[in-house]
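Trainee: Dumping the structure here so I can ask a few things about it.
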Amino acid sequence: MDFLNAFVSLSNYVLIPGVAYGSQLALGALGVTLVYGILRFSNFAHGDTMAFGAMVTVLVTWWLQSLGVSLGPLPTALLALPVGILGTIVLLLVTDRAVYQFYREKKAKPVILVIVSMGVMFIMNGIVRFVIGPDDQRFLDGERFVVSARTFKEMTGLDEGLAIKSTQVITVITAVVVVALLFWFLNRTRAGKSMRAYSDNEDLALLSGVNPERVVMLTWIIVAALATTAGVLYGLDKSFKPFTYFQLLLPIFASAIVGGLGSPLGAIAGGFVIAFSEVTITYAWKKVLGYMMPESLAPDGLVQLLSTDYKFAVSFVILLIVLLFKPTGLFKGQSV
Amino acid sequence: MSDMVKNTGLFAIVGVLILLTGFLQSWNAAMLILNMGLISAIMALGVNLQWGFAGLFNIGVMGFVALGGLATVLISMPPTTEAWAAGGLRVLLALVLGAATIVAAVLLYRAMNAGWLRTLAMIVLLVAGFFIYRAVLDPGVGAIEAIDPAATGYLGGLGLPVLLAWPVGGLFAAGAAWLIGKTALGLRSDYLAIATLGIAEIIIAVMKNEDWLSRGVKNVIGVPRPVPFEIDLQNDPAFVDRVAGLGFDPVEASTIYVKLLYAGLFLVVLLVLLWLAQKALDSPWGRMLRAIRDNEVAAEAMGKDVKKRHLQVFILGSAICGIAGAMMTTLDGQLTPSSYQPLRFTFLIWVMVIVGGSGNNFGAVLGGFLIWFLWVQVEPMGRLLMDLITSGMADGYWLKTHLLESAAHMRLLTMGVVLLLVLRFSPRGLIPEK
């Protein structure tokens with residue numbers, strides 16, 4: 001019984017939030033890794049792209065809510081998501097035309113493109129704050145829980161309750177669908193294959209008749225979809241605040257690099273590695289250990305390895321370890 | 001010669017802009033811009049040393065600036081004797097133990113052969129070390145933070161003159177830079193960027209959470225000043241008589257006098273650093289750095305120690321940022337860890353360097369003044385613009401209210417536009433490298 005209680009407690013605070021957060025990071029990291037693989041620079045504006053996509057979705061959600069449209073138990077934001085993706089696609093394609101294309105044609109060094117993306121980051125951040133303001137915004141509606149702690153306790157008779165938020169389930173399902181679509185596209189379609197070819201060897205791909213501008217356009221479209229989805233899922237699960245998306249940049253980059261920059265599979269693995277280490281190290285283990293150990297040995301303190309404010313430190317340390325011992329990441333990414 | 005004229009002209013324009021602020025707004029506002037402009041110029045010098053000279057992509061400027069601020073507190077605040085008695089030694093012991101664990105791990109890594117045994121030994125050592133460290137540290141921290149938490153609750157500083165904190169801030173930043181450089185400088189430029197970004201966030205997290213060190217989000221206020229207080233000047237008959245003789249209001253004169261003193265101090269530091277940076281640029285060392293930046297492989301083939309040079313310049317540049325950070329905290333008179341935002345303290349400095357002209361010290365200084373001026377003045381300008389746009393709309397119309405409220409967020413947008421325009425049309429900046 002104690003073992004079950006310990007497991008439920010662990011699932012409640014570590015496993016389930018970890019899976020949800022990991023899915024969000026994985027979607028974010030996929031975007032970063034795709035830009036890196038095709039356009040060959042680290043896109044610092046990615047966090048703010050997520051914020052922009054989420055913002056459009058939030059605005060459309062509010063509009064739908066005011067019209068009385070709803071999805072019943074599901075959040076209305078899911079209905080608004082395609083519009084958010086469309087808005088972000090337009091934004092990214094315009095940005096590419098107005099900003100990045102010039103440097104691509106000049107074959108500028110990647111580090112210049114990184115600085116350019118810093119400028120884009122400023123502008124996107126400014127737009128988001130200008131339109132929706134810097135504050136927290138709520139846009140979640142529908143059913144809050146799939147399983148609430150009370151019903152779980154009544155159902156199983158355990159002391160520990162298990163609460164599964166509907167946003168967590170939605171996050172995981174959406175992430176699985178999106179990732180499956182992405183891999184199907186990259187591996188099975190002609191356009192996806194041309195993208196992978198371009199990422200592997202640019203010259204060879206050009207010689208084989210791959211149209212680079214088309215590949216770049218496709219990449220931005222996919223990145224917009226991924227970023228918006230990740231941003232909306234994160235916003236539903238936690239809350240929408242422009243500044244947190246900027247802060248997500250660090251764990252997202254950590255995920256992409258840990259997995260191996262340029263490798264989509266690596267980005268997903270990296271996302272979960274980072275998410276689980278953050279959650280485990282900042283979780284107070286008192287309850288779980290209390291169930292697992294004999295009473296005399298039960299710990300007095302919270303047994304929290306690091307306070308939650310240090311979660312950046314966790315993703316960073318993992319990043320550093322991987323960079324020092326396996327610079328190309330877990331899944332052999334590019335190392336240009 | 002024409003270059004000289006152009007550059008002087010550019011500096012003159014910035015000077016006129018600040019003077020205009022004085023005439024049109026107030027002299028206090030103008031002096032504030034000047035003082036923060038001086039500090040920004042120093043930060044830009046530091047980043048220019050790393051990026052302009054050596055091509056190192058450091059986006060952890062905020063962390064080094066914050067370390068400088070921490071140095072100000074640790075040097076100049078009076079020590080909290082009860083806190084030291086309660087747990088000071090314990091905390092110091094814990095820090096020593098923590099450092100010893102890391103050193104032991106590094107030694108162990110070098111001593112043993114690669115394999116699962118080494119990995120296991122490392123993990124055991126690090127985990128055991130971490131728990132011992134926490135076991136020693138936590139009671140000490142609890143004891144310190146329990147001492148009069150509303151007023152102190154931290155160890156305090158050494159009670160030394162605050163000017164001493166400026167070089168010490170540089171040393172702190174240099175120490176952190178040495179640690180980062182040792183681990184991350186071998187990596188590619190994007191990775192170094194992420195690594196420095198992460199370090200900066202960690203430094204801020206430590207300052208926000210380790211209350212025993214920096215009072216965390218409770219802030220340290222009342223940092224000693226190197227210049228007299230305005231209120232003392234106003235009560236000083238000699239000062240009042242003198243400014244009255246010149247026809248000034250004593251209250252306003254005292255505030256401006258204090259700011260002028262600060263400006264003098266900052267100017268001395270800026271000129272010294274600028275002179276040193278110019279000397280470094282023209283020295284064989286500076287030429288070597290630029291050779292490495294332009295072609296690392298060739299420089300290495302010529303027998304230049306690329307890694308060592310990178311480490312040197314990374315430490316020097318970070319130290320300059322640390323000095324600037326200490327100066328800024330002295331000017332503010334308080335340390336507020338939550339006010340350190342990467343957009344303001346890292347990316348804005350980068351805009352200064354790029355706009356001013358990377359690789360040119362005078363360019364970096366010019367960029368520091370100009371971008372700081374814009375950063376401050378964009379807000380009122382944005383408000384004016386919004387007033388103009390919304391003047392035709394009815395009062396209370398939602399768009400009007402929204403636009404007026406959002407004017408404050410024009411800053412980031414403007415900075416991004418300025419950065420992109422300069423990168424596109426004048427990628428070498430206002431005062432290009434020779």
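Trainee: Condition (residue is within 26 Å of B:Thr72 (Cα to Cα) and more than 10 Å from every other protein chain (Cβ to nearest Cβ)) applied to the range B:130-140: is it met by at least one residue? Steps first, please.
Mentor: Within the range B:130-140, the subset within 26 Å of B:Thr72 (Cα to Cα) is B:137-138, B:140.
From what is left, the residues that are more than 10 Å from every other protein chain (Cβ to nearest Cβ) are B:137, B:140.
Yes: the range B:130-140 contains one or more residues that are within 26 Å of B:Thr72 (Cα to Cα) and more than 10 Å from every other protein chain (Cβ to nearest Cβ).
Trainee: Can you tell me which of (1) within 27 Å of B:Val162 (Cβ to Cβ); (2) surrounded by fewer than 18 Cβ atoms within 10 Å (Cβ to Cβ); (3) of a type outside the set (Ser, Thr, Tyr) is the one B:Lys307 doesn't meet?
Mentor: (1)
Trainee: So which of B:Ser426, B:Ser358 ends up being crowded, with 19+ Cβ neighbours inside 10 Å, more than 19 Å from A:Val128 (Cβ to Cβ) and within 14 Å of another protein chain (Cβ to nearest Cβ)?
Mentor: On inspection, the qualifying residue turns out to be B:Ser358.
Trainee: What are the pairs with Cβ atoms under 6 angstrom where one residue, in the range B:304-330, is hydroxyl-bearing (Ser, Thr, Tyr) and the other, located anywhere, is surrounded by 24 or more Cβ atoms within 10 Å (Cβ to Cβ) and in a helix (DSSP H, G or I)? Sequence gap at least six, or different chains.
Mentor: So the pair list comes out as B:Ser318/B:Phe64; B:Ser318/B:Ala173; B:Ser318/B:Ala177; B:Thr329/B:Gly69; B:Thr329/B:Thr72; B:Thr330/B:Thr72.
Trainee: For the range A:228-245, give me the residue count where each residue is of a type outside the set (S, T, N, Q), assigned to a helix (DSSP H, G or I) and surrounded by fewer than 24 Cβ atoms within 10 Å (Cβ to Cβ).
Mentor: Looking only at the range A:228-245, we keep the residues that are of a type outside the set (S, T, N, Q), and these are A:230-238, A:240-243, A:245.
Add one more test, that the residue is assigned to a helix (DSSP H, G or I), and what stays is A:230-237, A:242-243, A:245.
Those still in the list that are surrounded by fewer than 24 Cβ atoms within 10 Å (Cβ to Cβ) too: A:237, A:243.
Of the residues in that region, 2 qualify.
Trainee: While we're here: Would you be able to tell me the number of residues in the range A:29-42 that are crowded, with 24+ Cβ neighbours inside 10 Å and more than 14 Å from chain B (Cβ to nearest Cβ)?
Mentor: Here the count works out to 3.
Trainee: Does B:Gly247 satisfy the criteria of being at positive phi and at pLDDT below 90?
Mentor: Details: at positive phi: yes; at pLDDT below 90: yes.
So B:Gly247 passes the test.
Trainee: In the range A:95-132, what residues are at the interface with chain B (Cβ under 8 Å from one of its Cβ atoms), free of Cβ contacts under 8 Å to residues at least 24 places away in the same chain and not aliphatic (A, V, I, L, M)?
Mentor: Scanning the range A:95-132 gives A:Phe102, A:Gly119, A:Phe122, A:Gly126, A:Phe130.
Trainee: Answer yes or no as to whether B:Met393 is surrounded by fewer than 18 Cβ atoms within 10 Å (Cβ to Cβ), free of Cβ contacts under 8 Å to residues at least 60 places away in the same chain, assigned to a helix (DSSP H, G or I) and assigned by TED's automatic domain parsing to the domain that holds B:Val223. Talk me through it step by step, then tell me what you get.
Mentor: Working: surrounded by fewer than 18 Cβ atoms within 10 Å (Cβ to Cβ): yes; free of Cβ contacts under 8 Å to residues at least 60 places away in the same chain: yes; assigned to a helix (DSSP H, G or I): no; assigned by TED's automatic domain parsing to the domain that holds B:Val223: yes.
For B:Met393, the condition - surrounded by fewer than 18 Cβ atoms within 10 Å (Cβ to Cβ), free of Cβ contacts under 8 Å to residues at least 60 places away in the same chain, assigned to a helix (DSSP H, G or I) and assigned by TED's automatic domain parsing to the domain that holds B:Val223 - is not met.
Trainee: I've got another one for you. Filter the range B:72-88 for residues that are among the polar types (S, T, N, Q) and surrounded by 21 or more Cβ atoms within 10 Å (Cβ to Cβ); which is farthest from the chain's Cα centre (by Cα)? Steps first, please.
Mentor: So the first thing to find is which residues in the range B:72-88 are among the polar types (S, T, N, Q), and the list is B:72, B:76, B:80-81.
Then keep just the ones that are surrounded by 21 or more Cβ atoms within 10 Å (Cβ to Cβ); that gives B:72, B:76, B:80.
On the way: B:Thr72: 13, B:Ser76: 18, B:Thr80: 27 Å.
In this case the residue turns out to be B:Thr80.
Trainee: Looking only at helices (runs of 4 or more DSSP H) that lie completely in the range B:125-241, which have at least 2 residues being farther than 30 Å from A:Val322 by Cβ?
Mentor: Values: elements: B:165-184, B:189-209, B:211-214, B:230-235.
Ranges flagged: B:165-184, B:211-214, B:230-235.
Trainee: Exactly one condition in (1) surrounded by 20 or more Cβ atoms within 10 Å (Cβ to Cβ); (2) in contact (Cβ under 8 Å) with a residue 24 or more places away in the chain is not met by A:Leu320; state its number.
Mentor: The number of the failed condition is (2).
Trainee: If a residue has to be within 14 Å of chain A (Cβ to nearest Cβ) and outside any loop (DSSP other than H, G, I, E, B) to count, how many in the range B:106-124 make the cut?
Mentor: Taking the range B:106-124 first, the residues within 14 Å of chain A (Cβ to nearest Cβ) are B:106, B:109-110, B:114-116, B:118-119, B:122-123.
Filter once more, so that each one left must be outside any loop (DSSP other than H, G, I, E, B): B:106, B:109-110, B:116, B:118-119, B:122-123.
Number of matching residues: 8.
Trainee: Quick check on B:Ala244: is it of a type in the set (Gly, Ala, Ser), in a helix (DSSP H, G or I), assigned by TED's automatic domain parsing to the domain that holds B:Gly37 and within 22 Å of B:Val168 (Cα to Cα)?
Mentor: Details: of a type in the set (Gly, Ala, Ser): yes; in a helix (DSSP H, G or I): yes; assigned by TED's automatic domain parsing to the domain that holds B:Gly37: yes; within 22 Å of B:Val168 (Cα to Cα): no.
Spelling it out, it is not the case that B:Ala244 is of a type in the set (Gly, Ala, Ser), in a helix (DSSP H, G or I), assigned by TED's automatic domain parsing to the domain that holds B:Gly37 and within 22 Å of B:Val168 (Cα to Cα).
Trainee: Residues in the range B:90-104: is at least one crowded, with 20+ Cβ neighbours inside 10 Å and assigned by TED's automatic domain parsing to the domain that holds B:Gly142?
Mentor: Taking the range B:90-104 and keeping what is crowded, with 20+ Cβ neighbours inside 10 Å, we get B:91, B:94.
Now narrow it down to the ones that are assigned by TED's automatic domain parsing to the domain that holds B:Gly142: B:91, B:94.
There is at least one residue in the range B:90-104 that is crowded, with 20+ Cβ neighbours inside 10 Å and assigned by TED's automatic domain parsing to the domain that holds B:Gly142.
Trainee: Looking at the range B:333-343, which of the residues that are assigned to a helix (DSSP H, G or I) and in contact (Cβ under 8 Å) with a residue 12 or more places away in the chain is farthest from the chain's Cα centre (by Cα)?
Mentor: Going residue by residue through the range B:333-343, those that are assigned to a helix (DSSP H, G or I) are B:337-339, B:342-343.
So of that shortlist, the ones also in contact (Cβ under 8 Å) with a residue 12 or more places away in the chain come out as B:337-338, B:342-343.
On the way: B:Pro337: 12, B:Ser338: 14, B:Pro342: 10, B:Leu343: 12 Å.
Applying the filter and picking the extreme gives B:Ser338.
The values are calculated or read from the model by the stated rules, or taken from the named source; none is laboratory data. Computed from a prediction, not measured in an experiment: that's the story for all the values here. We place every Cβ from the backbone using ideal geometry, glycine too, and count neighbours over all the protein chains shown.
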